[in-house]
């Protein structure tokens, strides 16, 4: 009995020593941080969701470089998981003790500006405008009523990936990807391969990898809802797009389409990597998955085909910004760091190491020439930066941030054959207009 | 004559008992087969986790999905453990979990006894308040709750995770109340006659008679604290204080997830839960012997 | 006041308050404040960051008059509650009865059936996506053996909710444990008496086991109703970022509430939604509590 007790005490003691005894003291600064602050160094709390094996060392190096480069500001980087990071951020803003810099989704930066969750950078920067270093589309997305609420960090763009071997196999020129919707359809039919009832290879399906909205954008050259909440859904062109999308579904059959869709959504076992899919639309950084999981795949990239010659290859992108949450206690120092983060050196490093298109235009173009990329890598990256010219962002309109919950179900019901395209668009148009009116 | 009749009766009885025993035996095996068949269904996810944890990412990402790994990469487990300071996270998690379980078992058992076996004014109303705390979605109290803990100066400490366990939770209070309700009132009246206080009755009668229920509370609150993710994530900032569930997140990315490491880590984290459940079962087995033990 | 002057009844009452005191203290000091705050803020345009303005019942008015999605979300949730609660309750009860028998390897079986209740996280949901895959998923393959052409589970708006109910059924191990614990309290003499009367196993289950575990059936019904009304995680993970699934068929109440609170940052509106849900669930629970004395059997005697 006695020896059991002794073991228990020893184990308990060891546990407490191993664990953070600090968990039972309060205060959220470490000793080093307090010491630094006493020396007059400003601490900048920096939150990102880049915690993976590949990303974490890269952002850590950028932070370390910044800390080395001067002795007034010390940036402390913390990683929190994707998604949850912003729940935590919001709670911290509510409590009045937020971090100083947070990486956030560019599509809602203006919304957060309006809601007062982010500090206006224009107010801090004054005339020291640095907007010209970014792709204009990205900078635009950070503005609410003319003031910027975040510095763009990285972005992406949707492109057509195609399997060159499959092209050759069916007698297509592997260097001539489809350029129009008609060609896309024609090539897809040639690439389809059936064994009995089952497809062994599917040429293309427009709604794997992207949503219907990207195709609407591709045809119109702009989003169907603008920043002021003007909706242009119920148009003939849009009805044509929807009918075109449905024709693919009807031809391939709902079962085939849904079964493949399940594979995309599980993020496992990707059909393009195994050659079961001839062409697909994907984010340009899908290349890293090809590189890592299917290095022998012979593939090419091209802009998303245009509706008809001359209509434009409009693509869609997203991205992330660095924001200063409302209530930060060192906004000037935070901005100093954010400027470094979006300057050419840090951005080029990030671009090359992560295979991301960065927001800093000069850095992106420098990275495209990088010796560190493989031949394929350089090819994709260059195509990606060129595609930025056609890429638009669709930041959420501040008057109807959740409009998609009204549009998606209507389109779904159309695709399932429960209503016509015109009905779907008309219903969605009215519903979103009502929401905009409610919120104004 | 009489002897013969007795003997005949005895034979019938034996035959009858044989019959009953045979039927019981048959039923036993029928149940066994039923349970074994069902087990396959219930175990399939576990197998999927194990097999994923042993595959390479290339295998996971290339269709078709395989049931057995092509190469059994046991090294995935070593690499998983290297990805974060898991020993420290495990120690943190154990400390938090032990305190939470102790708090939950103690406080809820105490409070529930009051609701079940003592008559006092406003009990109905108070019990409605207890149940009400379950009915408001946690999302809307998340921010105000965080603000409150911030005002108390508890952020970046274990207090928001462990202190509430000592004030009872609606689910457990309600559960234990149901169990106390089955204790005969006469038993309590008799003890009171002998001058026992409610505190004494709770300790000497209440707790021993609700052991299976307390074991359930212990298991549930162990799982709750062990698997809690949002709580530690919200309230802890210093990575030295992190728990296992936060540690596992390093394998999840925005674009791609390292399924093999994530599954390996999840399995390692799951192991103590399974072992604990297996051990705690003795509280459920006592009773079973009471029911069918006469036979063996 | 001196203790001697307390009547028996007062003493009893005092003891009662002492026993429930931890809850009262915890409620006042920790959990009650945020609840009250959320009630007050439901009458404002609270968005976490800016000052809130009192806007009266505007949030509530909008919910009932202008918000089309609100009714969809409520209907989806009620559908889920109506099917999942009875099915999981029955499932757990039967499983517990089966696992309360004397069968070789019982401890292992119990662990296996309990396992899904502790398996959580994204991995499990992705596994279900694979199991429910219309062509290659195990479930439809198994249905095919019986000549049944399985549905498109997660892609057909009519089948998405049944898919989730199926998932819930699979993790009944948690409630199973409650019934198992409760069955330990049934005296074996009851069963012996029944056996002498020649009662079959089924009869013993219906006439002894079930009545004796009614307190837990009641508990399970009440808590799983409250829980089912708040279903979130499954739908959030299975609909890629909580968009609501095909034709919004998986847009449950809490998912919609989440989108309002953390995507649209309309926290006041979300708080109003949560209090509407509260009223619905509260009324159902009170109804349950009032009905309970008719069928719940407490061995210990009536509620004092």
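Can you confirm whether residue B:65 is more than 23 Å from the chain's Cα centre (by Cα), assigned to a loop (DSSP other than H, G, I, E, B) and either modelled with pLDDT of 90 or more or within 14 Å of chain C (Cβ to nearest Cβ) (or both)?
The answer is yes for residue B:65.
Only helices (runs of 4 or more DSSP H) wholly contained in the range A:325-440 count here; list those with 3 or more residues that are in contact with a strand residue (DSSP E or B) (Cβ under 8 Å, 6 or more places away or on another chain) and closer than 30 Å to residue A:68 by Cβ.
A:331-341, A:344-354, A:361-367
Which helices (runs of 4 or more DSSP H) does the range B:130-248 wholly contain that include 3 or more residues that are in contact with a helix residue (DSSP H, G or I) (Cβ under 9 Å, 6 or more places away or on another chain), buried (at least 23 other Cβ atoms within 10 Å of the Cβ) and facing chain C (nearest Cβ under 10 Å)?
Details: elements: B:138-151, B:159-162, B:170-180, B:185-193, B:198-201, B:211-227, B:230-235, B:244-248.
Because the criterion is at least 3 residues that are in contact with a helix residue (DSSP H, G or I) (Cβ under 9 Å, 6 or more places away or on another chain), buried (at least 23 other Cβ atoms within 10 Å of the Cβ) and facing chain C (nearest Cβ under 10 Å), the helices (runs of 4 or more DSSP H) in the range B:130-248 that meet it are B:138-151, B:170-180, B:211-227.
Test residue C:226 against the stated conditions and say whether it is more than 14 Å from chain A (Cβ to nearest Cβ), at pLDDT below 95, under 28 Å from residue C:166 (Cα atoms) and assigned to a helix (DSSP H, G or I). Show your work before the answer.
On the way: more than 14 Å from chain A (Cβ to nearest Cβ): yes; at pLDDT below 95: no; under 28 Å from residue C:166 (Cα atoms): yes; assigned to a helix (DSSP H, G or I): yes.
Spelling it out, it is not the case that residue C:226 is more than 14 Å from chain A (Cβ to nearest Cβ), at pLDDT below 95, under 28 Å from residue C:166 (Cα atoms) and assigned to a helix (DSSP H, G or I).
Condition first: facing chain B (nearest Cβ under 8 Å), more than 29 Å from residue B:127 (Cα to Cα) and out of contact with any strand residue (DSSP E or B) (no Cβ under 9 Å at 6 or more places or on another chain). Can you find one or more residues in the range C:166-186 that meet it?
Within the range C:166-186, one or more residues are facing chain B (nearest Cβ under 8 Å), more than 29 Å from residue B:127 (Cα to Cα) and out of contact with any strand residue (DSSP E or B) (no Cβ under 9 Å at 6 or more places or on another chain).
From C:133, C:149, C:158, which residue is facing another protein chain (nearest Cβ under 7 Å), over 29 Å from residue B:225 (Cα atoms) and assigned to a loop (DSSP other than H, G, I, E, B)? If you could, list the steps in order and put the result at the bottom.
On the way: C:149 fails: facing another protein chain (nearest Cβ under 7 Å); C:158 fails: facing another protein chain (nearest Cβ under 7 Å).
Result of the check over C:133, C:149, C:158: C:133.
Could you grab me the full set of residues in the range A:112-139 that are part of a loop (DSSP other than H, G, I, E, B), in contact (Cβ under 8 Å) with a residue 40 or more places away in the chain and away from chain C (no Cβ under 14 Å)?
A:130, A:135
For the range C:263-302, which residues satisfy the criterion of being buried (at least 17 other Cβ atoms within 10 Å of the Cβ), more than 7 Å from chain B (Cβ to nearest Cβ) and free of Cβ contacts under 8 Å to residues at least 40 places away in the same chain?
Selection gives C:263, C:264.
Among the residues of the range C:83-102, which ones are buried (at least 21 other Cβ atoms within 10 Å of the Cβ) and facing another protein chain (nearest Cβ under 7 Å)?
C:100 - this is the single residue of the range C:83-102 that is buried (at least 21 other Cβ atoms within 10 Å of the Cβ) and facing another protein chain (nearest Cβ under 7 Å).
Looking only at the range C:35-82, count every residue that is part of a loop (DSSP other than H, G, I, E, B) and within 14 Å of residue B:143 (Cα to Cα) and tell me the total.
Residues meeting the conditions: 6.
So residue A:257 clears everything in (1) touching a strand residue (DSSP E or B) at 6+ places or on another chain (Cβ under 8 Å); (2) on the phi < 0 side of the Ramachandran plot except one condition, right? Which one?
Checking residue A:257 against (1) touching a strand residue (DSSP E or B) at 6+ places or on another chain (Cβ under 8 Å); (2) on the phi < 0 side of the Ramachandran plot, the one that fails is (1).
From C:191, C:125, which residue is in contact (Cβ under 8 Å) with a residue 24 or more places away in the chain and assigned by TED's automatic domain parsing to the domain that holds residue C:221?
C:125
Here is a yes/no grid of residues against (1) free of Cβ contacts under 8 Å to residues at least 40 places away in the same chain; (2) surrounded by fewer than 22 Cβ atoms within 10 Å (Cβ to Cβ); (3) more than 8 Å from every other protein chain (Cβ to nearest Cβ); (4) closer than 30 Å to residue C:96 by Cα:
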position	(1), (2), (3), (4)
C:214	no, yes, yes, yes
C:217	no, no, yes, yes
C:220	no, no, yes, yes
C:235	no, no, yes, yes
C:255	no, no, yes, no
C:261	yes, no, no, no
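Out of all the residues in the range A:101-110, which are under 21 Å from residue A:223 (Cα atoms) and either in contact with a strand residue (DSSP E or B) (Cβ under 8 Å, 6 or more places away or on another chain) or in a strand (DSSP E or B) (or both)?
Within the range A:101-110, A:105, A:106, A:107, A:109, A:110 meet the criteria.
Starting from residues that are under 23 Å from the mean Cα position of the chain (by Cα) and touching a residue at least 40 places away in the same chain (Cβ under 8 Å), keep the ones in the range B:180-194 and report whichever is farthest from residue B:109 (Cα to Cα).
Filtering first and then ranking leaves B:181.
Check off (1) touching a strand residue (DSSP E or B) at 6+ places or on another chain (Cβ under 9 Å); (2) within 13 Å of chain B (Cβ to nearest Cβ) for residue C:22 and give me the number that stays unchecked.
Answer for residue C:22: the failing condition is (1).
With the checklist (1) more than 8 Å from every other protein chain (Cβ to nearest Cβ); (2) surrounded by 14 or more Cβ atoms within 10 Å (Cβ to Cβ); (3) modelled with pLDDT of 80 or more; (4) in contact with a strand residue (DSSP E or B) (Cβ under 9 Å, 6 or more places away or on another chain) in hand, flag the one item residue A:36 doesn't pass.
Residue A:36 satisfies every listed condition except (3).
Restricting the search to the range A:397-424, which residues are surrounded by 21 or more Cβ atoms within 10 Å (Cβ to Cβ), more than 10 Å from every other protein chain (Cβ to nearest Cβ) and over 27 Å from residue A:140 (Cβ atoms)?
Scanning the range A:397-424 gives A:421, A:424.
Sort out which residues of the range B:271-296 are part of a helix (DSSP H, G or I), at the interface with another protein chain (Cβ under 7 Å from one of its Cβ atoms) and either modelled with pLDDT of 80 or more or surrounded by 18 or more Cβ atoms within 10 Å (Cβ to Cβ) (or both), and write them in order of number.
If the condition is that a residue be part of a helix (DSSP H, G or I), at the interface with another protein chain (Cβ under 7 Å from one of its Cβ atoms) and either modelled with pLDDT of 80 or more or surrounded by 18 or more Cβ atoms within 10 Å (Cβ to Cβ) (or both), then B:273, B:274, B:277, B:278, B:284, B:287, B:288, B:291 are the ones that fit.
Of the residues that sit in the range A:209-234 and are in a loop (DSSP other than H, G, I, E, B) and touching a strand residue (DSSP E or B) at 6+ places or on another chain (Cβ under 6 Å), which one is modelled with the lowest pLDDT?
A:209
Please specify each residue of the range C:132-155 satisfying the condition of being more than 14 Å from residue A:260 (Cα to Cα) and touching a helix residue (DSSP H, G or I) at 6+ places or on another chain (Cβ under 7 Å).
Once the filter is applied, which keeps residues that are more than 14 Å from residue A:260 (Cα to Cα) and touching a helix residue (DSSP H, G or I) at 6+ places or on another chain (Cβ under 7 Å), the range C:132-155 yields C:138, C:139, C:150.
Just to be sure I understand, how many residues within the range A:235-267 are outside any helix (DSSP H, G or I) and touching a residue at least 40 places away in the same chain (Cβ under 8 Å)?
So the answer is 1.
Would you check if residue C:42 is at the interface with chain B (Cβ under 8 Å from one of its Cβ atoms), crowded, with 20+ Cβ neighbours inside 10 Å and in contact (Cβ under 8 Å) with a residue 24 or more places away in the chain?
no
Which residue out of C:92, C:49 is assigned by TED's automatic domain parsing to the domain that holds residue C:274 and touching a helix residue (DSSP H, G or I) at 6+ places or on another chain (Cβ under 8 Å)? Step through it out loud before you land on a result.
Values: C:49 fails: assigned by TED's automatic domain parsing to the domain that holds residue C:274.
The match here is C:92.
Restricting the range B:24-67 to residues that are under 20 Å from residue C:199 (Cα atoms), in contact with a helix residue (DSSP H, G or I) (Cβ under 9 Å, 6 or more places away or on another chain) and without any contact (Cβ under 8 Å) to a residue 40 or more places away in the chain, which is surrounded by the most Cβ atoms within 10 Å (Cβ to Cβ)?
Selected residue: B:31.
The values are calculated or read from the model by the stated rules, or taken from the named source; none is laboratory data. Note that the structure is predicted; figures quoted are calculated from it, not measured. Please note: Cβ atoms are built from the backbone with ideal geometry, for glycine as well, and neighbour counts cover all protein chains shown.
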